[in-house]
Amino acid sequence: MANIAVIGAGKWGQALHYALSQKQECLITSRTKRDIKNFVDLNTAMQCEYLVIAIPAQQIRQWLKENFSFKNQKVLVASKGIEASSGKFLNEIYEEFIPRENLGFISGPSFAAEVIQGLPCALVINSLNKSLFDEYEKFFPNFIKTYYSDDVIGAEICGAYKNVLAIASGICEGLNLGNNARASLISRGLVEMQRFGSHFGAKMETFIGLSGAGDLFLTASSELSRNFRVGLGLAKNRTLEEILEELGEVAEGVKTSYAINSLSQEHQIYTPIANEVFSILQGKNPIDSLKDLLRS
Ligand SMILES: NC(=O)C1=CN([C@@H]2O[C@H](COP(=O)(O)OP(=O)(O)OC[C@H]3O[C@@H](n4cnc5c(N)ncnc54)[C@H](OP(=O)(O)O)[C@@H]3O)[C@@H](O)[C@H]2O)C=CC1
Ligand SMILES: O=C(CO)COP(=O)(O)O
């Protein structure tokens, strides 16, 4: 009988299910039924002791309220985002439903499209409970190297913030501003997300490791990223609605930019790149925005 299940069979949920099926049987469930091996209904999945949840950040509170009952499960959160309606981080939302010692958060550079091909990858499992990492580590296949960190808030902020920076980088690319401009934007973005994160207690080293620089460099420099592709579309003056409809998958950076904009105002944190992304999403011309950011 399997004791691990993935909840959410989108791109990332399916890739994690593939990875976690290499060493043991792993169940998978989702809102929409799919023809995947070991796809089960939600009730069956919920009987497992280990749950990996890959539902987008903006939907998670509602999903937990409607579907989750705590029976000492150990939950690994695979989503990356900040709740726009409240400005709450995912660990704050999850802790309303599950004790923190039963929670872990995945971070690091990991395009689902590569994980599902079994290509090498390194991930961080962030938890205040090291034994949760020890238990989860055993489930991962050889092609995924896992690291432990207790910097839950740092990892979360890196995973969420880099999506907003990937939108900015996609805009830079779409406007043909060149490699110099993009490298400047990404490196200044790293400093910006570290400034934001340290305000909330994140550790400096998280930003220069896999969760920070690693995931930022990946997402902000590849068309495999949905957030980067949102930026490319915005640079071509396409509407957000058109871009998201064509994408057909979640681009967490859009709503996360709303959350960062509110949080940075409330806490008086200097976040110029995230603020420009927010303004572009509100209709500001991307050329004006990037000029404002990059001129001396
Ligand atoms: N794709 C990637 O490379 C990576 C993604 N992530 C993060 O993982 C999370 C999920 O991304 P990804 O899987 O790629 O996104 P997708 O858009 O591919 O899939 C989203 C999934 O969430 C489910 N879902 C959406 N809304 C609800 C809801 N209200 N209730 C229940 N289920 C819902 C959908 O279920 P259904 O289809 O059954 O209706 C779908 O399976 C995001 O936070 C993303 O940032 C993190 C690392 C890598
Ligand atoms: O988080 C990711 C890779 O680590 C995926 O990024 P996108 O959601 O932009 O595709």
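The values are calculated or read from the model by the stated rules, or taken from the named source; none is laboratory data. Worth saying up front: this structure is predicted, and the values here are computed from it rather than measured. Don't worry about glycine lacking a Cβ; one is built from the backbone with ideal geometry, like all the others, and counts go over all protein chains shown.
Contact map, the range 139-162: residues that are touching a residue at least 40 places away in the same chain (Cβ under 8 Å) paired with residues that are surrounded by fewer than 18 Cβ atoms within 10 Å (Cβ to Cβ) and small (Gly, Ala, Ser), Cβ distance under 7 Å, separation 6+ or inter-chain. Pairs shown: Phe143/Gly118; Tyr147/Ala122; Ile153/Gly201. Within the range 204-254, the residues that satisfy the criterion of being over 17 Å from Ile171 (Cβ atoms), small (Gly, Ala, Ser) and within 10 Å of ligand 2 (Cβ to nearest atom) are Ser211, Gly214.
When we screen Ser257, Ser279, Ser289, Ser262 for residues that are closer than 20 Å to His199 by Cα, polar (S, T, N, Q) and away from ligand 2 (no atom under 16 Å from the Cβ), the only hit is Ser262. When we screen Ala9, Ala2, Ala19 for residues that are at pLDDT below 95 and either farther than 28 Å from His267 by Cβ or not in a helix (DSSP H, G or I) (or both), the only hit is Ala2. Considering Phe143, Phe133, Phe139, the condition of being among the aromatic types (Phe, Trp, Tyr) and within 16 Å of ligand 2 (Cβ to nearest atom) is satisfied by Phe143 alone. Restricting Glu137, Glu95, Glu114 to those that are within 16 Å of ligand 1 (Cβ to nearest atom) and either on the phi > 0 side of the Ramachandran plot or out of contact with any Pro (no Cβ under 8 Å at 6 or more places or on another chain) (or both) reduces the list to Glu114.
When Ala168, Ala155, Ala183 are checked against the criterion of being under 20 Å from Val77 (Cα atoms) and either touching a strand residue (DSSP E or B) at 6+ places or on another chain (Cβ under 8 Å) or of a type outside the set (S, T, N, Q) (or both), a single residue qualifies: Ala155. Within the bounds of the range 212-226, is there any residue that is assigned to a loop (DSSP other than H, G, I, E, B) and under 28 Å from Arg100 (Cβ atoms)? No, the conditions are met nowhere in the range 212-226. Looking across the range 115-145 at every residue that is within 17 Å of the chain's Cα centre (by Cα) and polar (S, T, N, Q), the one that is nearest to Glu252 (Cα to Cα) is identified as Asn126.
Filter the range 22-32 down to the residues that are more than 8 Å from ligand 1 (Cβ to nearest atom) and either touching a residue at least 40 places away in the same chain (Cβ under 8 Å) or in a loop (DSSP other than H, G, I, E, B) (or both) and list them by number.
Within the range 22-32, the first condition is being more than 8 Å from ligand 1 (Cβ to nearest atom), and the residues that meet it are 22-29.
Answer for the range 22-32, where residues must be more than 8 Å from ligand 1 (Cβ to nearest atom) and either touching a residue at least 40 places away in the same chain (Cβ under 8 Å) or in a loop (DSSP other than H, G, I, E, B) (or both): Gln22, Lys23, Gln24, Glu25, Cys26.
The criterion of being at negative phi, away from ligand 2 (no atom under 16 Å from the Cβ) and touching a helix residue (DSSP H, G or I) at 6+ places or on another chain (Cβ under 9 Å) holds for Leu51.
Restricting the first member to the range 233-261 and to residues that are within 13 Å of ligand 1 (Cβ to nearest atom) and among the basic types (Lys, Arg), and the second to residues that are at pLDDT 95 or above and not in a helix (DSSP H, G or I), the beta-carbon pairs closer than 7 Å and six or more apart or on different chains are Lys255/Gly81; Lys255/Ala84.
Of all residues in the range 184-221 being hydroxyl-bearing (Ser, Thr, Tyr) and surrounded by fewer than 18 Cβ atoms within 10 Å (Cβ to Cβ), which is nearest to Leu294 (Cα to Cα)? Reasoning before the result, please.
Within the range 184-221, the subset hydroxyl-bearing (Ser, Thr, Tyr) is 184, 187, 198, 206, 211, 219, 221.
When the remaining residues are screened for being surrounded by fewer than 18 Cβ atoms within 10 Å (Cβ to Cβ), the result is 184, 187, 198.
Values: Ser184: 8, Ser187: 12, Ser198: 24 Å.
Once the filter is applied, the top-ranked residue is Ser184.
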